[in-house]
Amino acid sequence: MFIQTEATPNPATLKFLPGRTVLDSGTLDMPDRTTAAKSPLATRLFEIPDVAGVFFGTDFITVTKATGEWPQLKPAILGAIMEHFMSGAPVIAHDTETGGIDADEFFDPADAETVATIKDLIETRVRPAVANDGGDITFRGFKEGVVYLNMKGSCSGCPSSTATLKHGIQNLLKHFVPDVVEVRPV
């Protein structure tokens, strides 16, 4: 098994590409050991000292470090990922829900058409680009012209995330949806 690694815009995060499907659909963000309990692979990764977060996409795993240096952490992470996939164990225990529609979404029903356009733009133009950097951005709400987005994986805590939100996503949404005045992280 050959696992590729890629740097992300977040220096505390590396993207690991195992060359096989990680999740069949959606994404799964596990920012701590407690949330990692739903995944045998994430649990294994959190056993490595200095691992601070794990994020799964369809074909990648993003690992965030607390401290330490990548040259020392990377071999242990690669070994844990390889051992997991070679064991045949599932990535997710049970039928844990991943990245579907968020019950915590908020918006006025009168804005449903605007929200549908915003969600479509995020799904088709923003999420694929962000996934290339080892992260994910999902819609959380729309109120008084402000779009609220949840940043996950390498996007969470990334030094360039503010620029991505303000200069990239905000400009895109304002261009296509005149009702949008601002984009904010949740």
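In the chain, taking the dipole from charged Cβ atoms about the Cα centre, the farthest positive-side position among Asn10, Gly141, Met30 is held by Asn10. Taking 0.36 nm per residue of sequence separation and removing the Cα-Cα distance, the Glu182/Ser87 pair yields an extension gain of 29.5 nm. Relative to the longest principal axis of the Cα atoms of the chain, helix 112-121 runs at roughly 40 degrees. Here the dipole of the chain is about 540 debye; that uses its Cα centre as origin and unit charges on the Cβ of Lys and Arg (positive) and Asp and Glu (negative). Remark: the Cα gyration tensor places the stretch 1-47 in the oblate category, a/c being 1.5 or greater and a/b not exceeding b/c. In this structure, Thr58 and Glu144 have a Cβ-Cβ separation that, at R0 = 30 Å, corresponds to a calculated FRET efficiency of about 0.30. Taking amide H as placed 1.01 Å from N in the peptide plane, the amide H of Val147 sits under 5 Å from that of Val181, Glu182, Val183, Arg184, each at least 5 places away or on another chain. Shape class of the stretch 106-185 from the Cα gyration tensor (axes a ≥ b ≥ c, square roots of the eigenvalues): prolate, since a/c reaches 1.5 or more and a/b is larger than b/c. Exceeding 29 Å between C-alpha atoms, which entries from my cross-link table qualify? They are Lys74/Lys166; Lys38/Lys74; Lys15/Lys119. Table pairs above 29 Å Cα-Cα are Lys74/Lys166. Taking a ≥ b ≥ c as the square roots of the eigenvalues of the Cα gyration tensor, an a/c ratio below 1.5 marks the stretch 4-87 as rounded.
For Val22, the residues whose modelled amide H falls within less than 5 Å of its own, excluding neighbours fewer than 5 places apart on the same chain, are Asp59, Phe60. Compared with the dominant principal axis of the Cα atoms in the chain, helix 70-87 is inclined by about 80°. When both the stretch 124-186 and the stretch 1-70 are represented by their alpha-carbon centers, they are found 22 Å apart. Counting other Cβ atoms within 10 Å as a rough exposure proxy, the listed residues Glu144, Glu83 run Glu144, Glu83 from fewest neighbours to most.
Values quoted throughout were computed directly from the atomic coordinates according to the rules given, and no laboratory measurement underlies them. All values derive from a computational prediction rather than experimental measurement. Don't worry about glycine lacking a Cβ; one is built from the backbone with ideal geometry, like all the others, and counts go over all protein chains shown.
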